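The values are calculated or read from the model by the stated rules, or taken from the named source; none is laboratory data. Remember, it's a predicted structure, so these values are computed and weren't measured experimentally. In this analysis, Cβ positions are derived from the backbone assuming ideal geometry, glycine residues included, and neighbour counts consider all displayed protein chains. These area figures cover heavy atoms from the full protein model, side chains too; ligands, DNA and RNA do not enter into them. Shrake-Rupley method; radii C 1.70, N 1.55, O 1.52, S 1.80 Å.
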Amino acid sequence: MRWHTIALIHILCRSACFHRSFGLPQLRGGTLDADAEQSSLANTIDLVSQNSFIYGPSMPVAPIAKESNRSLNIFGDTCGLVETTSDDDDWLIVTSDSILRLSLCVASPPCASTSWYNTPFNPCYSTNRYWKFQDGVGTAFAYPLAAMGVGSFDSLYVRRNVKLQFYQGTGDTNPFGPELIGPKYVSITYWRDIACDGFEPGTFFVDGGPGALDGYSLKIGGGDIESIKMLDIKEKVNEKDHHTNRYKDRWLYSSDNRFVLRRASSFTVELTLSNEYGPSCHEVYFEARHGFDGSATVIKIPEFEGTVPESDWGAEQVKVTSNWWGNRKIVQMKINLPPNAPVGEYEFKALVKNRVGTTSLAEEPFPDKVFLLFNPWSQSDSVYLDSATEREEYVMNENGLIWSRIDSRPMTWRYDQFGIETFDVLMHLLEGQPSSIRSDAKLVSRHFTKMLDNGNGVLVGKWDGDRSAYAGGEFPWYWSGSDQIFKKYKKNGWTPVKFGQCWVFGGLLTSQLRAVGIPARTLTNFNSAHEYKPLDFIIDRYYRMNNGEREQYGEGGSIWNFHVWNDAWILNEWHAVDATPQEKSDGFYQLGPAPHSAIKAKSGGLFDVDFVVAEVDSSVRNWIDKIDPITGENKPVVLSISDTHVGHHISTKSVGSDARWDITAAYKTPEVVRLLQPPQPIAVTFSAPSGVSAGMDIPLNVTLSNSISNLTAHILITASAISYDGTILGSLDSKEVTAGLPAGESLTVSVLISPLAYMDWIGTTNIIESMY
């Protein structure tokens, strides 16, 4: 049922109330003569009915006093019908405990010569009641008629253009008769049967005697809300407030409509309604729909009276304003997004309903899809970062630096976290993840470490010294930014891109974490241990000599010249996360988030804390096969052991500058050298040139200094090409010397490695390692 705005009509009050005569046009058959002097009355007369009552000027001489301050409330004390007077512009109906006329001709001749409806309507009758909507708002509730009269309720008159529908009993479940449109007279058959002069044609009768109408309810339509004419989601203002405007700046040429917001915050929207809004009668609420848990989930966002608690989905009214014509139709609402809201894509819509009942009067979907992200600007979010300069660095900065050597310039990397391909990949990687994961920053970051390379992820990792192994893809050092890889991944239908190594995975993971709103940084650990499970924080490396060359064997772990992973800021501390596939955790290649506090304390715990401890703080034992002089067996013996070899110069970009920042102290306590054996009489030092360019000879020098008695020294020096992950690729040169070394003297042995020996092994991450 639709309800429309009423015309404003005034009633002439005559008889006992006032004594004033007016020049009125002639009546012909109960209708206004078309030839009457309408022009002189145009500004003073409103037509109340075609036939019902005598026409009169638009304003009576004085208002009719109300019998009492009667009201019929539906919601609280402010939404319902209230009694008014005949001179009030907003009255909708007049009710009477008798009959709405000056006199009554009953069925006993002689009857009046003129039908009753051609005589004046008496608005001064003591039992008449004028009713209007409180606040002038049409709300279309079903009002019980018994509450409108005094004693029995017998008649009512409905004003022009006002709609009404009768219902049997209370409520609006049992309609009675058709929808009526005023002007309309309603009475009971009792009056029809005793009135000899009849009733106005079209009068609606209800069977029964005095009080019969008390058993009905009446729904009055005075212009209820039929539609939301316009819904302004104020994208520019809201996205600037949510620090997400950089996404739209980068998506300038995209045709997709996306509204990017952050949880643990609120945003405002403005609704323009078809009819006037009554704050106490209507409720504006919202719905958010997602499919994170396998089926459609609808979150109702109710309207709160007052401020919405931070932890709740909810909306509150900001203000109600009038349009150009003074109608209160514009409603501004603030919607709260709780700090545990799952991140991802939603469909929002606005709805308006009466405060009683559940059926919406009008609804309108948001013009854009809504995407929620984590919020490092909000103290309520688990990723809150209180430093503005650090937020600028770890959330907003689109470029970074990654170190592969301490003494050289770092690699530059484009994170492109606001790019549309990055965002599309972000949403793709979240597909299929339930709300329980999407609402938890720890689980989202762990999920990303799994999805970047897990057999069918974004990037294929490959560590191979043979260049031909990279056919069909790019060498890892080809890439300089995440955007290159994400574009290719999306363009190829989510097919993994070939190939990458740890610094590429590190760049991609920082991009995804920053894109979803988790502060993140890329870091490098030099001399990074990779220990195989079970973990004992000792890397054993076994060597033997084979035809004069050093050969590594056995599986005791490895030492990477450098390894790149990431830190994610969650719950007020950094957590290590790593997307490079190394060892499986819970059945997948994934690592973290391991909190720094647990890593530094070596306290173990969930999310691979011990594995990271091993990477930064393992001991290294080097073994060499030797012939046992007694048994003649070839057995490994400890060649050397070090507690300080692993985990050096853990480096990341400084906040606000391109300087290298050493954060080793965040991962481990200062190291103490452990001496497994008494001090040795021979001191050994090693020297090699720095800054060697490809094509130059490389001199290596080993110096032995004897501080005790004369002795004979046996020295074996080997130089091997290894990859940055510690894999021996091939032998470059070796030298074995036996010489006397008198007390107090030194001996230097040199090896010169020519370009012919090492050029075939040159790569961005391959290095030369010497061992003595």
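Just need a number here: residues in the range 401-443 that are assigned to a loop (DSSP other than H, G, I, E, B), surrounded by 21 or more Cβ atoms within 10 Å (Cβ to Cβ) and not hydroxyl-bearing (Ser, Thr, Tyr).
Going through the range 401-443 one residue at a time, the tally reaches 5.
Only one of Gly306, Gly291 is free of Cβ contacts under 8 Å to residues at least 12 places away in the same chain, closer than 22 Å to Ser378 by Cβ and out of contact with any helix residue (DSSP H, G or I) (no Cβ under 7 Å at 6 or more places or on another chain). Can you tell me which?
Checking each option against the conditions leaves just Gly306.
Collect the residues in the range 413-448 that are in contact with a helix residue (DSSP H, G or I) (Cβ under 7 Å, 6 or more places away or on another chain) and among the charged types (D, E, K, R), keeping them in residue-number order. Full working, then the answer.
Going through the range 413-448, the residues in contact with a helix residue (DSSP H, G or I) (Cβ under 7 Å, 6 or more places away or on another chain) turn out to be 413-426, 429-430, 433, 437-438, 443-445, 447-448.
Scanning the range 413-448 gives Arg414, Asp416, Glu421, Asp424, Arg438.
For Lys334, indicate whether it is touching an Asp or Glu at 6+ places or on another chain (Cβ under 7 Å), of a type outside the set (S, T, N, Q) and either open to solvent by 40 Å² or more (accessible area, probe 1.4 Å) or modelled with pLDDT under 95 (or both).
yes
Return the residue satisfying two criteria in turn: it lies in the range 302-321 and is aliphatic (A, V, I, L, M) and either modelled with pLDDT of 95 or more or open to solvent by 50 Å² or more (accessible area, probe 1.4 Å) (or both), and of such residues it is nearest to Glu363 (Cα to Cα). Reasoning before the result, please.
Of the range 302-321, the ones aliphatic (A, V, I, L, M) are 308, 315, 318, 320.
Add one more test, that the residue is either modelled with pLDDT of 95 or more or open to solvent by 50 Å² or more (accessible area, probe 1.4 Å) (or both), and what stays is 315, 318.
On the way: Ala315: 15, Val318: 19 Å.
For the range 302-321, the residue satisfying everything is Ala315.
Would you mind finding the one in Thr359, Thr389 that is open to solvent by 40 Å² or more (accessible area, probe 1.4 Å), of a type in the set (S, T, N, Q) and over 27 Å from Trp565 (Cβ atoms)? Don't jump to the end; show me each part of the working.
Values: Thr389 fails: over 27 Å from Trp565 (Cβ atoms).
Among Thr359, Thr389, only Thr359 is open to solvent by 40 Å² or more (accessible area, probe 1.4 Å), of a type in the set (S, T, N, Q) and over 27 Å from Trp565 (Cβ atoms).
Considering only residues that are surrounded by 17 or more Cβ atoms within 10 Å (Cβ to Cβ) and modelled with pLDDT of 80 or more, which ones fall in the range 181-203? Break it down stepwise before answering.
Within the range 181-203, the subset surrounded by 17 or more Cβ atoms within 10 Å (Cβ to Cβ) is 182-188, 190-191, 195, 197, 199-200, 203.
Selection gives Lys184, Tyr185, Val186, Ser187, Ile188, Tyr190, Thr203.
Would you tally the residues in the range 523-565 being in a strand (DSSP E or B) and open to solvent by 10 Å² or more (accessible area, probe 1.4 Å)?
Looking only at the range 523-565, we keep the residues that are in a strand (DSSP E or B), and these are 523-530, 538-546, 549-553, 558-565.
From the residues that got through so far, the ones that are open to solvent by 10 Å² or more (accessible area, probe 1.4 Å) too are 526-527, 530, 538, 540-542, 544-546, 549-553, 558-561.
So the count comes out to 19.
Any idea which residue in the range 455-492 is surrounded by the most Cβ atoms within 10 Å (Cβ to Cβ), counting only those that are aromatic (Phe, Trp, Tyr) and not in a helix (DSSP H, G or I)? I'd like the intermediate steps shown before the answer.
Residues of the range 455-492 aromatic (Phe, Trp, Tyr): 463, 470, 475, 477-479, 486, 489.
Of the ones still in play, those that are also not in a helix (DSSP H, G or I) are 463, 475, 479.
Values: Trp463: 16, Phe475: 15, Trp479: 24.
The extreme case among them is Trp479.
Name the pairs: first residue in the range 691-718 and part of a loop (DSSP other than H, G, I, E, B), second residue surrounded by 17 or more Cβ atoms within 10 Å (Cβ to Cβ), Cβ to Cβ under 8 Å, at least 6 apart or on different chains?
Val692/Ile698; Asp697/Ile753; Asn710/Leu741
Go through the range 337-356 and give me each residue that's open to solvent by 20 Å² or more (accessible area, probe 1.4 Å), out of contact with any helix residue (DSSP H, G or I) (no Cβ under 8 Å at 6 or more places or on another chain) and modelled with pLDDT of 95 or more.
Quick first cut of the range 337-356, residues open to solvent by 20 Å² or more (accessible area, probe 1.4 Å) only: 339-340, 345, 347, 349, 355-356.
Now restrict to residues that are out of contact with any helix residue (DSSP H, G or I) (no Cβ under 8 Å at 6 or more places or on another chain): 339-340, 347, 349, 355-356.
The answer is Pro339, Asn340, Glu347, Lys349.
Please enumerate the residues belonging to the range 316-345 that are within 16 Å of the chain's Cα centre (by Cα) and not in a loop (DSSP other than H, G, I, E, B).
So the first thing to find is which residues in the range 316-345 are within 16 Å of the chain's Cα centre (by Cα), and the list is 334-345.
Those that are within 16 Å of the chain's Cα centre (by Cα) and not in a loop (DSSP other than H, G, I, E, B): Lys334, Ile335, Asn336, Leu337, Gly344, Glu345.
Quick one: Phe499 ticks every box in (1) in a helix (DSSP H, G or I); (2) touching a helix residue (DSSP H, G or I) at 6+ places or on another chain (Cβ under 9 Å) bar one, so which box is it?
Among (1) in a helix (DSSP H, G or I); (2) touching a helix residue (DSSP H, G or I) at 6+ places or on another chain (Cβ under 9 Å), the lone unmet condition for Phe499 is (1).
Before we move on, is Ala112 at pLDDT below 80 and either more than 14 Å from Asp214 (Cβ to Cβ) or not hydrophobic (A, V, I, L, M, F, W, C) (or both)?
Working: at pLDDT below 80: yes; either more than 14 Å from Asp214 (Cβ to Cβ) or not hydrophobic (A, V, I, L, M, F, W, C) (or both): yes.
When the stated conditions are applied, Ala112 passes them.
Let me spell it out: the conditions are (1) in contact (Cβ under 8 Å) with a residue 40 or more places away in the chain; (2) open to solvent by 10 Å² or more (accessible area, probe 1.4 Å), and Phe448 meets all of them except one. Which number is the exception?
(2)
Taking the range 434-468 as the search range and keeping residues that are farther than 21 Å from Phe259 by Cα and of a type in the set (S, T, N, Q), which one is nearest to the chain's Cα centre (by Cα)?
Taking the candidates together, the pick is Ser436.
Please enumerate the residues belonging to the range 689-722 that are under 16 Å from Tyr758 (Cα atoms), among the polar types (S, T, N, Q) and open to solvent by less than 60 Å² (accessible area, probe 1.4 Å).
Hits for the range 689-722 are Thr718, Ser720.
Applying the selection to the range 736-761, what residues are at pLDDT below 80 and open to solvent by 70 Å² or more (accessible area, probe 1.4 Å)?
Result: Glu736, Met759, Asp760, Trp761.
When the range 362-386 is examined, which residues are found to be open to solvent by less than 30 Å² (accessible area, probe 1.4 Å) and at pLDDT below 95? First the steps, then the outcome.
Pass one, the range 362-386, residues open to solvent by less than 30 Å² (accessible area, probe 1.4 Å): 362, 366, 368, 370-376, 378, 381, 383, 385.
Correct list: Ala362, Asp368.
Would you mind stating whether Thr495 is open to solvent by 10 Å² or more (accessible area, probe 1.4 Å), at negative phi and β-branched (Val, Ile, Thr)?
On the way: open to solvent by 10 Å² or more (accessible area, probe 1.4 Å): yes; at negative phi: yes; β-branched (Val, Ile, Thr): yes.
Yes.
Yes or no: the range 440-459 includes at least one residue that is among the aromatic types (Phe, Trp, Tyr), in contact with a strand residue (DSSP E or B) (Cβ under 6 Å, 6 or more places away or on another chain) and either modelled with pLDDT of 95 or more or more than 30 Å from Asn572 (Cα to Cα) (or both). Write out each step before concluding.
From the range 440-459, those among the aromatic types (Phe, Trp, Tyr) are 448; that's our starting set.
Those still in the list that are in contact with a strand residue (DSSP E or B) (Cβ under 6 Å, 6 or more places away or on another chain) too: none.
Scanning the range 440-459, I find no residue that is among the aromatic types (Phe, Trp, Tyr), in contact with a strand residue (DSSP E or B) (Cβ under 6 Å, 6 or more places away or on another chain) and either modelled with pLDDT of 95 or more or more than 30 Å from Asn572 (Cα to Cα) (or both), so the answer is no.
Among (1) under 21 Å from Thr580 (Cβ atoms); (2) surrounded by fewer than 20 Cβ atoms within 10 Å (Cβ to Cβ), which single condition is Lys600 missing?
For Lys600, the exception is condition (1).
Six or more apart or on different chains, Cβ under 9 Å: which pairs go from a residue in the range 328-344 that's acidic (Asp, Glu) to one that's surrounded by fewer than 19 Cβ atoms within 10 Å (Cβ to Cβ) and modelled with pLDDT under 95? Could you list them?
Final answer for the pair search is none.
Take the residues in the range 566-588 that are part of a strand (DSSP E or B) and β-branched (Val, Ile, Thr); name whichever of them is surrounded by the fewest Cβ atoms within 10 Å (Cβ to Cβ).
From the range 566-588, those part of a strand (DSSP E or B) are 566-570, 573-578, 584-585, 588; that's our starting set.
Keeping just the survivors that are β-branched (Val, Ile, Thr) gives 570, 577.
Values: Ile570: 27, Val577: 29.
Among them, the one singled out is Ile570.
With the condition kept exactly as written, say whether any residue in the range 273-284 is among the acidic types (Asp, Glu) and either surrounded by fewer than 16 Cβ atoms within 10 Å (Cβ to Cβ) or at pLDDT 95 or above (or both). Walk me through how you get there before you give the answer.
Kept after step one, since they are among the acidic types (Asp, Glu), are these residues of the range 273-284: 276, 283.
Going one step further and asking which of them are either surrounded by fewer than 16 Cβ atoms within 10 Å (Cβ to Cβ) or at pLDDT 95 or above (or both), we end up with none.
Looking for residues that are among the acidic types (Asp, Glu) and either surrounded by fewer than 16 Cβ atoms within 10 Å (Cβ to Cβ) or at pLDDT 95 or above (or both), one finds none in the range 273-284, hence no.
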